[in-house]
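The values are calculated or read from the model by the stated rules, or taken from the named source; none is laboratory data. Please read these numbers as outputs of a predicted model, since none were measured by experiment. Virtual Cβ from ideal backbone geometry, glycine too; neighbours counted across all protein chains shown. These accessible areas exclude ligands, DNA and RNA; they are computed on the full protein's heavy atoms, side chains included. Shrake-Rupley method; radii C 1.70, N 1.55, O 1.52, S 1.80 Å.
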Amino acid sequence: MNRPPVASELNLCLCHSCGLACDMTDEPHECTRCGAPLHRRKTNSLARTWAYMFTALAFYFPANLLPVMNTKMVGNGADSTIMSGVIEFWQHGAWDIALIIFIASIAVPGIKFVALTLLLVTVQRDSQWASKQRSTLYRFVELIGYWSMLDVIVVALVASLVKFQALADIEPRPGILFFGLVVVFTMLSAMSFDPRLIWDKEERDNPNEEVKDEVASH
């Protein structure tokens, strides 16, 4: 059974900015709706993804080892790292905030590092193993990436609550900067990966068979 035509055979390209299917016949190759430049594939996808991921990994360790804030109560100040903040919230009964901080700051970046490494290694090895599941994994990585900002929001809320107390004050520490960089570079890493690479080997080996398009929208 012959497979239906794919976008490249119809000379169509999906705009990475607005999602419009654009005709690549005419020059210049720009989206007719938003004016963004069109690319059939993400440029240097694997190299950029590796670079962004290693940069995020380099910032991940100081983000968790260095203090993220200093809280002063009646003149006495104490620095808090992400993990010590989780423990402190848990001990004071705020287990929900502790859980949010742990998931957003420690678990989510760790999951993204493992998932992106798996995707990159399997693509570079031309693996056809679990293509559909790997495509789903990529969409999951993109989805959870935005939840990393929860920790920044929680820190801002805690700072606001402390500021309401006349005898208390809170100041940021270098760890919060490194954590912000981890969030940015892990998001850039996920955005740089081209999920269509997952299906290239299968399409080359089965050019006349129907291949389900499980590729993410960008």
TODO: Considering (1) modelled with pLDDT under 65; (2) in contact with a strand residue (DSSP E or B) (Cβ under 8 Å, 6 or more places away or on another chain); (3) surrounded by fewer than 16 Cβ atoms within 10 Å (Cβ to Cβ); (4) not hydroxyl-bearing (Ser, Thr, Tyr), say which one residue 158 fails and leave the rest.
DONE: (3)
Open item on the list: Kindly evaluate residue 120 against the criterion of being outside the structural domain of residue 13 (by the TED database) and surrounded by 14 or more Cβ atoms within 10 Å (Cβ to Cβ).
Closed with: yes
- [ ] Taking the residues in segment 24-62 that are free of Cβ contacts under 8 Å to residues at least 40 places away in the same chain and touching a Ser or Thr at 6+ places or on another chain (Cβ under 6 Å) as candidates, determine which candidate is least open to solvent (accessible area, probe 1.4 Å).
- [x] 36
TODO: For segment 182-199, name all the residues that are open to solvent by 10 Å² or more (accessible area, probe 1.4 Å) and closer than 30 Å to residue 62 by Cβ.
DONE: 184, 185, 187, 188, 191
- [ ] Determine if segment 117-137 includes at least one residue that is of a type in the set (S, T, N, Q), modelled with pLDDT under 85 and closer than 16 Å to residue 179 by Cβ.
- [x] no
- [ ] Would you mind finding the one in 108, 114 that is modelled with pLDDT of 80 or more and open to solvent by 80 Å² or more (accessible area, probe 1.4 Å)?
- [x] 114
